[in-house]
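Right, one structure below, let's go through it.
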Amino acid sequence: MTKLDTAVTTRPTRIRYIIAILLFITVVINYMDRANLSIAMPALSQEFDLTTGQQGLLLSAFGWTYAAMQLPGGWLVDRVRPRVLYASCLVLWSLATLFMGMSGGFVALIILRLMVGGFEAPAYPINNKVATAWFPERERGRVIAFYTSGQFIGLALLTPVLSWLQTVLTWHWVFILTGVVGIIWAAIWWFVYREPRDKSGANQAEIDLIASGGGLVDVETGVKKEAKPKLKWSDVKVVLTRRKLWGIYLGQFCLTSTLWFFLTWFPTYLVDYRGMDYIESGFMASLPFIAALVGVLLSGTVSDLMVKKGLSLGMARKLPIIIGLAMTVFMLGANYTDSSAWVIVFMSIAFFGNGFASITWSLVSALAPERLLGLTGGMFNFIGNLSSIATPIVIGFLVTDIDFGPAFVYMAGITILGVLSYMFLVGKVERVTE
């Protein structure tokens, strides 16, 4: 064998990029099923004659079970292989979504929405575990940014489509069709995804590249060989008593508060407070999601470039988050203009900032104790997504039929708190010891 042949055979394969695409598409579907209710809400609330308080409760229903199931979900992530757990969750939350399109009352919608939230709970801890197993540290920022961008790409492209679909076929079909798509994707995930050492096409050179760069290629193998440990209170104590971890928990609550505003109340704001029709509001609502997409892709590239340039991991990961959170305050500008165009400009700047800050899971990968990666991710997502409960309800009771301004004041205050959390609580970025 010549030296050239040897070089070719030992060159690392790039199967990990296929895994990144799988995560990306799964995130698109995940967020499509989170946002479909907000798209249908103006028509749905009119049909069922819902007050703003009832709308807030319905929009928050997802968050109650999504947050409550984060710790059980994180526990499952540490014990069930991503191939099995993700496929199962996809089928279950997609069925609940599908049946929402067939429900005929407020109570049924609440119950089904609670089910969607509960079954989606393990999704992001799974994403984080897959990314940690399949990618070296120097690539992880870009990969997390790439699959996180799926939430914005999906919403930017699909919001106008679902708004048009609602106009043509009624709001029921928004839920039916998104549910069917999720069930189909569950089957695809089951047949395609494998762990690094089990995936056909991934050679030893790629596995060595991942492992030498800090990827935990054997994290699933290690769990399989050892007895499955029971959840211990000492483990919970570890993830609840570290200042660094609380810094990212609180910061995530503040970051996702903005996201949940856009996922819940934003379309209603455009229709009911800015006087747009469903199709126009669907198009206009997509523009901030496009801005967020640009932000999240740029943040991952900038963050990894800073790592390559020799800046500390803390600076490279935290600076985009702090800058992005600070930009979110621009949504206050909507309170000082009557122009719908300027409203979209302010919202696009704010949501660009949210996207630019959305590499927070890279800090979970860098800070979490190796044995408690799933539990830490579950706690991170649990506290962060308490915002999915708080944001819809608080806004529902802050606004009136004619004044949406207090909602933007609340959102600005929350994001400033997030900036302070990352600046003063997280500190040096290094893996927490048990």
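The values are calculated or read from the model by the stated rules, or taken from the named source; none is laboratory data. The shown structure was predicted, so the numbers you read here are calculated from the model rather than taken from an experiment. Neighbour counts are summed over all protein chains in view; Cβ atoms, including those assigned to glycine, are modelled from backbone coordinates with ideal geometry. For the accessible areas, the whole protein counts, side chains as well, though only heavy atoms, and no ligand, DNA or RNA atoms are used. Shrake-Rupley method; radii C 1.70, N 1.55, O 1.52, S 1.80 Å.
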Considering only residues that are without any contact (Cβ under 8 Å) to a residue 24 or more places away in the chain and within 30 Å of G104 (Cα to Cα), which ones fall in region 178-206? I184
Can you pull out the residues in region 54-70 that are part of a helix (DSSP H, G or I) and either of a type in the set (V, I, T) or open to solvent by 50 Å² or more (accessible area, probe 1.4 Å) (or both)? Q54, L57, W64, T65, A68
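If I go through region 325-352 residue by residue, how many of them are small (G, A, S) and without any contact (Cβ under 8 Å) to a residue 60 or more places away in the chain?
Within region 325-352, residues that are small (G, A, S) and without any contact (Cβ under 8 Å) to a residue 60 or more places away in the chain number 3.
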Residues that are under 24 Å from L373 (Cβ atoms) and part of a helix (DSSP H, G or I): does region 41-50 have at least one? no
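Being within 17 Å of I126 (Cβ to Cβ), in contact (Cβ under 8 Å) with a residue 40 or more places away in the chain and open to solvent by 30 Å² or more (accessible area, probe 1.4 Å), is that true of even one residue in region 34-41? Can you show your working first?
Taking region 34-41 first, the residues within 17 Å of I126 (Cβ to Cβ) are 34.
If we keep only those that are in contact (Cβ under 8 Å) with a residue 40 or more places away in the chain as well, we get 34.
Subsequent filtering for residues that are open to solvent by 30 Å² or more (accessible area, probe 1.4 Å) retains none.
No; the residues of region 34-41 include none that is within 17 Å of I126 (Cβ to Cβ), in contact (Cβ under 8 Å) with a residue 40 or more places away in the chain and open to solvent by 30 Å² or more (accessible area, probe 1.4 Å).
Looking at this structure, is V294 modelled with pLDDT of 70 or more, in contact with a helix residue (DSSP H, G or I) (Cβ under 7 Å, 6 or more places away or on another chain), closer than 27 Å to P320 by Cβ and open to solvent by less than 10 Å² (accessible area, probe 1.4 Å)? Even if it seems obvious, please write down each step before you answer.
Working: modelled with pLDDT of 70 or more: yes; in contact with a helix residue (DSSP H, G or I) (Cβ under 7 Å, 6 or more places away or on another chain): yes; closer than 27 Å to P320 by Cβ: yes; open to solvent by less than 10 Å² (accessible area, probe 1.4 Å): no.
Spelling it out, it is not the case that V294 is modelled with pLDDT of 70 or more, in contact with a helix residue (DSSP H, G or I) (Cβ under 7 Å, 6 or more places away or on another chain), closer than 27 Å to P320 by Cβ and open to solvent by less than 10 Å² (accessible area, probe 1.4 Å).
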Quick one: in region 148-172, which of the residues that are part of a helix (DSSP H, G or I) and over 24 Å from the mean Cα position of the chain (by Cα) is farthest from F283 (Cα to Cα)? H172
Out of (1) modelled with pLDDT under 85; (2) crowded, with 24+ Cβ neighbours inside 10 Å, the one L373 does not meet is (2)
Can you confirm whether P406 is part of a helix (DSSP H, G or I) and more than 12 Å from T258 (Cα to Cα)? yes
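Taking the stated definitions as given, is A211 open to solvent by less than 50 Å² (accessible area, probe 1.4 Å), of a type in the set (A, V, I, L, M) and at pLDDT 80 or above? Break it down stepwise before answering.
Working: open to solvent by less than 50 Å² (accessible area, probe 1.4 Å): yes; of a type in the set (A, V, I, L, M): yes; at pLDDT 80 or above: no.
Here the answer is no, as A211 does not meet what is asked.
Open to solvent by 20 Å² or more (accessible area, probe 1.4 Å), touching a Pro at 6+ places or on another chain (Cβ under 7 Å) and under 15 Å from S257 (Cβ atoms): which single residue out of L420, L398, L386 fits that description? If you could, list the steps in order and put the result at the bottom.
Numbers: L420 fails: touching a Pro at 6+ places or on another chain (Cβ under 7 Å); L386 fails: touching a Pro at 6+ places or on another chain (Cβ under 7 Å).
The conditions single out L398.
I'd like to check something: does region 269-287 contain any residue that is closer than 30 Å to D403 by Cβ and at pLDDT 85 or above?
No, every residue in region 269-287 fails to be closer than 30 Å to D403 by Cβ and at pLDDT 85 or above.
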Pairs where the first residue, in region 82-110, is without any contact (Cβ under 8 Å) to a residue 40 or more places away in the chain and the second is open to solvent by 10 Å² or more (accessible area, probe 1.4 Å) and among the acidic types (D, E), C-beta under 8 Å, 6+ apart: none
Return the pairs, sorted by first residue and then second, in which the second residue is outside any helix (DSSP H, G or I), the first residue lies in region 147-169 and is more than 15 Å from R34 (Cα to Cα), the beta carbons are less than 8 Å apart, and the residues are 6+ apart or on different chains. none
Would you mind telling me which numbered condition in (1) touching a residue at least 40 places away in the same chain (Cβ under 8 Å); (2) over 20 Å from N30 (Cα atoms) A123 fails? (2)
Could you run through region 125-137 and say how many residues are over 15 Å from the mean Cα position of the chain (by Cα) and among the charged types (D, E, K, R)? 1
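Counting only residues that are open to solvent by 30 Å² or more (accessible area, probe 1.4 Å) and within 20 Å of the chain's Cα centre (by Cα), which one in region 138-147 is nearest to G300 (Cα to Cα)? Outline the logic, then answer.
Taking region 138-147 as the starting set, the residues that turn out to be open to solvent by 30 Å² or more (accessible area, probe 1.4 Å) are 138, 142, 146.
In the following step, the residues that additionally are within 20 Å of the chain's Cα centre (by Cα) were identified as 142, 146.
Values: R142: 4, F146: 8 Å.
Taking the candidates together, the pick is R142.
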Considering only region 240-253, I want to know if a residue exists there that is out of contact with any Phe, Trp or Tyr (no Cβ under 9 Å at 6 or more places or on another chain) and either under 22 Å from F283 (Cβ atoms) or without any contact (Cβ under 8 Å) to a residue 60 or more places away in the chain (or both). yes
Quick one: M276 ticks every box in (1) assigned to a loop (DSSP other than H, G, I, E, B); (2) closer than 15 Å to A366 by Cα except a single one, so which number is it? (2)
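Looking only at region 173-193, how many residues end up being hydroxyl-bearing (S, T, Y) and assigned to a helix (DSSP H, G or I)? Lay out the reasoning, then the answer.
Of all residues in region 173-193, those hydroxyl-bearing (S, T, Y) come to 178, 193.
Now restrict to residues that are assigned to a helix (DSSP H, G or I): 178.
The qualifying residues number 1.
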